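Below is one structure, written out as structure tokens, with a few remarks after it.
The values are calculated or read from the model by the stated rules, or taken from the named source; none is laboratory data. What you see is a predicted model; the values in this text were computed from it and never measured. Cβ sites come from the backbone with ideal geometry, for glycine too, and all protein chains shown count toward neighbours.
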Amino acid sequence: MVVPDMVAVFMRELQDQGLAFALDDFGAGFTSFRYLKDFYFDILKIDGQFIRGIAANRDNQCLTKALLGIAHHFEMFAVAESVENDRDAAYLARIGMDCLQGYHFGAPVVHPPWRQDSRDRRRA
């Protein structure tokens with residue numbers, strides 16, 4: 001068995017146990033469309049270079065719609081990375097993006113506020 005086959009078996013076994021796999025930064029760098037066919041990803045995260053300023057950029061609109069269509073064809077949950085303003089968020093929601101992620105919704109943190117609240121309640 002070659003490495004891609006072993007990885008596909010490994011992923012399928014873990015998915016059967018409830019684990020989900022995401023393909024991050026899709027469309028940038030060395031990510032390949034072949035991964036969509038050879039592996040069983042649950043989530044496709046569209047790289048932020050296509051998302052930033054999308055409401056005013058027709059090229060990125062075209063590319064993002066295509067990537068969203070591919071994600072949905074392969075029954076993957078599509079995530080837009082790097083959403084930084086209301087206009088971009090509204091556009092992405094309008095085209096049917098499944099999830100929006102970025103500074104518009106909050107900066108990354110090491111200790112999310114909801115975890116702090118639960119620790120405070122346990123101490124009380």
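Results, tabulated for the structure shown:
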{"quantity": "Hits in the stretch 73-119 - residues which are in contact with a strand residue (DSSP E or B) (Cβ under 7 Å, 6 or more places away or on another chain) and not hydrophobic (A, V, I, L, M, F, W, C)", "calculated": "GLU81, ASP98, GLN101"}
{"quantity": "Long-range neighbours under 8 Å by Cβ, at least six apart or interchain, first residue on the phi < 0 side of the Ramachandran plot within the stretch 1-17, second of a type outside the set (A, V, I, L, M, F, W, C) and at pLDDT below 95", "calculated": "PRO4/ASP38; ALA8/ASP38; ALA8/TYR40; MET11/TYR40; ARG12/TYR40; GLN15/TYR40"}
{"quantity": "Any hit, the stretch 6-17, residues being part of a loop (DSSP other than H, G, I, E, B) and either among the small types (Gly, Ala, Ser) or under 16 Å from LEU100 (Cβ atoms) (or both)", "calculated": "no"}
{"quantity": "Residues located in the stretch 54-95, provided they are among the β-branched types (Val, Ile, Thr), under 20 Å from ALA28 (Cα atoms) and in contact with a Lys or Arg (Cβ under 8 Å, 6 or more places away or on another chain)", "calculated": "VAL79"}
{"quantity": "Checking ARG34 against (1) more than 23 Å from ALA93 (Cα to Cα); (2) of a type in the set (D, E, K, R); (3) within 12 Å of the chain's Cα centre (by Cα), the condition it does not meet", "calculated": "(3)"}
{"quantity": "Positions within the stretch 1-40 being touching a helix residue (DSSP H, G or I) at 6+ places or on another chain (Cβ under 7 Å) and of a type in the set (Phe, Trp, Tyr), in sequence order", "calculated": "PHE21, PHE26, PHE39, TYR40"}
